[in-house]
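Novice: Below you will find the structure I want to go over with you.
The values are calculated or read from the model by the stated rules, or taken from the named source; none is laboratory data. These figures come from a predicted structure and were not determined experimentally. Note that each Cβ is placed from the backbone with ideal geometry, even for glycine, and that neighbours are counted across all protein chains shown. Accessible surface is based on the protein model in full, side chains and every heavy atom, while ligands, DNA and RNA are left aside. Shrake-Rupley method; radii C 1.70, N 1.55, O 1.52, S 1.80 Å.
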Amino acid sequence: MTNQEKELTFEQAMEQLEKLVEKLEEGDVPLEQAIQYYQEGMKLSKLCNGKLNLVEDQMQQILNEHGEFEPYEVQEEE
């Protein structure tokens, strides 16, 4: 992961990922370029996932109304 990728915000990484997906969906991308886009997309996806995991870890403990930490779990949609 490059320093530039580490400095991207979640929103910036998602925007870049969406642009790559659009390019791939157009279908007129040479194979070598498509592979490069795919690899970039996987890196961006991993970056976004890492940022989400970091936020989830930070949210695992939230102060309750008595000022004590309590576990917090994110409900995932099915």
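Novice: Name, by its number, the condition in (1) acidic (D, E); (2) modelled with pLDDT of 70 or more; (3) in contact with a strand residue (DSSP E or B) (Cβ under 8 Å, 6 or more places away or on another chain) that does not hold for E11.
Specialist: Looking at each condition in turn, E11 falls short on (3).
Novice: Hey, could you check segment 5-32 for residues that are more than 14 Å from K46 (Cα to Cα) and among the β-branched types (V, I, T) and say which is most open to solvent (accessible area, probe 1.4 Å)?
Specialist: My answer is V21.
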